[in-house]
Amino acid sequence: MIGKRITYRMADGIRVPGTWRHAFIRNGDYFLTDLFIYADGLVNCWGLVTLEEFEEKLRSGWVATELPDGARASGHELAGWKFSEPRTWLTPELLLAEVRDTIDQLNGRPDSTGRCLAAVDEFLADRTEEKRTAARAAYLAIPETQRRYALGDMDRKDWPLQVLVAGPGGYLKAWPDEAVTQEAYDEAVAYFEDRAKWMAERSSRVPADGPATPVAPAIHLYQSYPMKPSDDPGTKALRNDYPAPIDVDGVTYPSAAHAYWALSTADPDARAAIAGVGSASAARKLAVGASRREGWEQARTAVMTGLLRAKFAQHPALARILLATEDATLIYDDSDSGFWGDNGGRGRNWTGRLLEFLRSELHAERAGFTGRGSGEPER
């Protein structure tokens, strides 16, 4: 299960998603560490290995699933101890199967649980012994440690699933001496029929407040040099350094970036010089060499919001470009700032976030919402 344990590694400039889980590495003593698993099938167990090499690490005991009584263990700089009557339920086969499932999940493919539930659906649609046998095999292919979670039902666990694939007269592992009764089987069938109805209703429900995730694909706003005006700039027009002059308190700046850097300094002469330079990079250099306004770090996000709002108010064609991004996540590159740029997932992407906020304001304006009081649309 991936849950909230999301990470990644960079490979040839590509972000490879991953996750991690706890494991013991046996290198003399036993070391409690994290096992990193990536979507491309590589596993980091104190070294990046392929899935086949990982299996060898399991077989050799380098990735340990057996913890001997009295063996020394370490949590690196946290603690050291000896195992006393340790209990472990993993085997090399089980851990390998769980890692394979994790790779499927990272790639958005059905894992062993998904394949089992698909086989169950096929059986329920065509209740032959051949289909039941296939569903039973798919159930047994789920790692034993994960079977109880297959239905996502913390009350019944996988009990209805066991009964369904065993069939009337079949036997369950927990009760090898008691055959499944017709009554228990009918109850399991009813459970799955009710579950199918519930799943269909849930998938057709529209969240009351709209979707939680974007519908449109993410848009990357890459840096581009030099920035020049264009009749059809596309999303380049959304960058702060795009040459779209804006008026701020009676002063015209060549771009939002020029205005930002001018307002960042307390030196009036530097402000005037920034307003007159040609490029945003030159504006930044002038600002860096001038004195900074007191409290700028705390105020800069609000200032940038106002500047971008002015940009789109004064350039309706650019506002239409922003609106055309629909609800896409906007990823902004800024090699000079990890605050304003996403920068390969290492930055905070505040420019992208502000653009999404202002896009919402533009949509609200189109819909007639004032956003200043009752929340009622204008009439």
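Go through region 324-338 residue by residue and tally those that are within 26 Å of residue 363 (Cα to Cα) and without any contact (Cβ under 8 Å) to a residue 60 or more places away in the chain.
Summing the residues that are within 26 Å of residue 363 (Cα to Cα) and without any contact (Cβ under 8 Å) to a residue 60 or more places away in the chain in region 324-338 gives 1.
If you go through region 25-38 one residue at a time, how many are among the aromatic types (Phe, Trp, Tyr) and under 16 Å from residue 48 (Cα atoms)?
Of the residues in region 25-38, 2 are among the aromatic types (Phe, Trp, Tyr) and under 16 Å from residue 48 (Cα atoms).
Restricting to region 163-216, give me the number of residues that are in contact (Cβ under 8 Å) with a residue 24 or more places away in the chain and surrounded by 10 or more Cβ atoms within 10 Å (Cβ to Cβ).
Going through region 163-216 one residue at a time, the tally reaches 15.
Hand me the list of strands (runs of 3 or more DSSP E) wholly inside region 1-107 holding 1 or more residues that are within 30 Å of residue 346 (Cβ to Cβ) and not hydroxyl-bearing (Ser, Thr, Tyr).
So the answer is 7-11, 14-27, 29-38.
I'd like the residue in region 50-78 that is of a type in the set (A, V, I, L, M) and surrounded by 13 or more Cβ atoms within 10 Å (Cβ to Cβ) and, out of all such residues, is nearest to the chain's Cα centre (by Cα).
Ranking the candidates gives 51 first.
Pick from region 1-38 the residues that are among the aliphatic types (A, V, I, L, M) and modelled with pLDDT of 95 or more: which of them is surrounded by the most Cβ atoms within 10 Å (Cβ to Cβ)?
Only one residue tops the list, namely 37.
Say whether the condition of being under 30 Å from residue 166 (Cα atoms), over 26 Å from the mean Cα position of the chain (by Cα), of a type in the set (A, V, I, L, M) and outside the structural domain of residue 167 (by TED's automatic domain parsing) is met by at least one residue in region 93-103.
The answer is yes, given that some residue of region 93-103 is under 30 Å from residue 166 (Cα atoms), over 26 Å from the mean Cα position of the chain (by Cα), of a type in the set (A, V, I, L, M) and outside the structural domain of residue 167 (by TED's automatic domain parsing).
What single numbered condition from (1) touching a strand residue (DSSP E or B) at 6+ places or on another chain (Cβ under 7 Å); (2) closer than 25 Å to residue 362 by Cα fails to hold for residue 264?
(2)
Of the residues 310, 290, 319, which is touching a residue at least 40 places away in the same chain (Cβ under 8 Å) and touching a strand residue (DSSP E or B) at 6+ places or on another chain (Cβ under 6 Å)? I'd like the intermediate steps shown before the answer.
Details: 290 fails: touching a residue at least 40 places away in the same chain (Cβ under 8 Å); 319 fails: touching a strand residue (DSSP E or B) at 6+ places or on another chain (Cβ under 6 Å).
Sole residue among the options that is touching a residue at least 40 places away in the same chain (Cβ under 8 Å) and touching a strand residue (DSSP E or B) at 6+ places or on another chain (Cβ under 6 Å): 310.
Can you find, within region 239-261, the residue that is surrounded by the most Cβ atoms within 10 Å (Cβ to Cβ) among those that are in a strand (DSSP E or B) and out of contact with any Phe, Trp or Tyr (no Cβ under 7 Å at 6 or more places or on another chain)? It would help to see each step written out before you state the result.
Taking region 239-261 as the starting set, the residues that turn out to be in a strand (DSSP E or B) are 246-248, 251-253.
Those left that are additionally out of contact with any Phe, Trp or Tyr (no Cβ under 7 Å at 6 or more places or on another chain): 247-248, 251-253.
On the way: 247: 11, 248: 19, 251: 15, 252: 12, 253: 26.
Per the criteria, the residue is 253.
Looking at this structure, is residue 364 under 20 Å from residue 246 (Cβ atoms), among the hydrophobic types (A, V, I, L, M, F, W, C) and assigned to a helix (DSSP H, G or I)?
Working: under 20 Å from residue 246 (Cβ atoms): no; among the hydrophobic types (A, V, I, L, M, F, W, C): yes; assigned to a helix (DSSP H, G or I): yes.
The answer is no for residue 364.
Within the group 283, 302, 290, which residue is closer than 17 Å to residue 241 by Cα and either among the small types (Gly, Ala, Ser) or surrounded by fewer than 17 Cβ atoms within 10 Å (Cβ to Cβ) (or both)?
283
The values are calculated or read from the model by the stated rules, or taken from the named source; none is laboratory data. Everything numeric in this text was worked out from a predicted model, so none of it was measured. Here Cβ is always computed from backbone atoms with ideal geometry, including for glycine, and neighbour counts include all displayed protein chains.
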